[in-house]
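Here's the structure we're looking at; comments come further down.
The numbers here are math on the coordinates, done by the rules we state, and not lab data. Given the structure is predicted, the values throughout are model-derived calculations rather than measurements. Every residue, glycine among them, receives a Cβ derived from its backbone with ideal geometry; neighbour counts consider all protein chains shown.
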Amino acid sequence: MAKTISGDCCSFCGRSSREVNLLINGISARICDQCAQQAFEIVKENLAKSGSRLGLKKEELPKPEEIKAFLDQYVIGQDDAKRYLAVSVYNHYKRLLQDLTKDDVEIEKSNIIMVGATGTGKTLLARTIAKLLHVPFAIVDATVLTEAGYVGEDIESILTRLLQAADYDVEAAQRGIVFIDEIDKIARKGDNPSITRDVSGEGVQQGLLKLLEGSIVNVPPQGGRKHPEQKMIPVDTKNILFICGGAFDGIEKKIAQRLNTRVVGYAANVETAKVDRNNLLKYITPADLKAFGLIPEIIGRLPILTYLNPLDRSALRNILTEPKNSIIKQYIKLFEMDGILLSFDESVFEFIVDKALEFKLGARGLRSIVEAIMMDAMYSLPSTQEKELRVTLEYAKNQFEKSDVNRLQAGS
């Protein structure tokens, strides 16, 4: 016989008002706080699953111009790379939504590779676009990858990260996007055959081929070697978009050699005069990637090649203050949380940019310099009653000169 629910009991679990912390009355039913919490978790989980399956219509997709406009709020410059990235992501969305029943035309995925010096914004672009996406997104570092059986991480760990980002929803993960950072660090160490295996270079490239092309890979949900008894999860990489980024330090020499050998005779001086020697990356081709050490098979599976411009003085100056999460805005926020109003003289920004150009570390150099200038203030001011700090050029110079950053730069 069913239990009769009295007027002061939860309509879901039957507990009385004396057994629960709170009983919420409705028009014809009641719910206790514990059942309400459980119901919230169930709704949250189901909404997450339905959203992760890309429950969008084509007209609701962010257009390439909208994606670039979003990136512009956080990343200064790099218009070419933003355009390539926006189009690739937009086409990835359309590919997921295509109706294969209408015709036999199947859109192939367009994996992308971005080349640019350190500190130009490759990883920042990836992290920023992840905020906009409606599909699972994972960022992995290629430097830790080795062939199976060697110290390091297996290639399959890339998909483990994507599964974690999708909350182990395999269907959602199979529609995701993966950014592989430092792809240049797995370049072939040399063309000469050796008795030792290149387990963190060409071996990793060979292992990546099946992921980039599209195949069913058995993925260890907790990482491969530490839990050999775990049940593998099959993941189809056919619809996973891969974006690769790397500094490719020294590839400019390969580009210069190729440009110089293209012209012969009297036309040589005319043609080479048109080349921008300060930004050779704009002339990069797949042949240069092959000369650097990427195998032809992996280059063929990364059909879209784009570059990031080196940061000049004006770009560094804008990066310092313009983006939504600019370095200066971050420090102003940090001091604001302690009730301190932080301000900078304009000449301080010029000083920071000058030092960043000396370091040649791109945007990362800006953070190191600002940190060196603000360290003493961040240490002492929270313990005082000070409510305002104005950073002048003289203060910035004095703080920077006595910092470890300045000593490192002076000794280099």
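Listed values, structure above:
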read-out: Residue-count net charge about residue 250 - beta-carbon cut-off 12 Å; Lys, Arg +1, Asp, Glu -1; value: -2
read-out: Of 109/282; 185/329; 94/210; 185/274; 82/324; 274/324, pairs whose Cα-Cα distance is over 27 Å; value: 185/329; 185/274; 274/324
read-out: Listed peptides 235-241, 311-317, 12-18 by packing density, highest first (mean Cβ within 10 Å); value: 235-241, 311-317, 12-18
read-out: Stretch gain in nm, segment residue 236-residue 87, where the contour uses 0.36 nm per residue and the Cα spacing is subtracted; value: 51.3 nm
read-out: Rg/Rg_globular for segment 307-412, with Rg_globular taken as 2.2 N^0.38 Å and Rg from C-alpha atoms; value: 1.08
read-out: HN-Hα J in Hz across segment 255-260 - Karplus 6.51, -1.76, 1.60, θ = phi - 60°, x for Gly and Pro; value: 5, 4, 4, 5, 5, 6
read-out: Computed E for residue 107/residue 325 - FRET, C-beta separation, R0 22 angstrom, nearest 0.05; value: 0.05
read-out: Theoretical FRET efficiency, 1/(1+(r/R0)^6), r = Cβ-Cβ of residue 333 and residue 13, R0 51 Å, to 0.05; value: 0.70
read-out: Summed side-chain charge close to residue 142 - residues other than residue 142 whose Cβ falls under 9 Å, Lys, Arg +1, Asp, Glu -1; value: -3
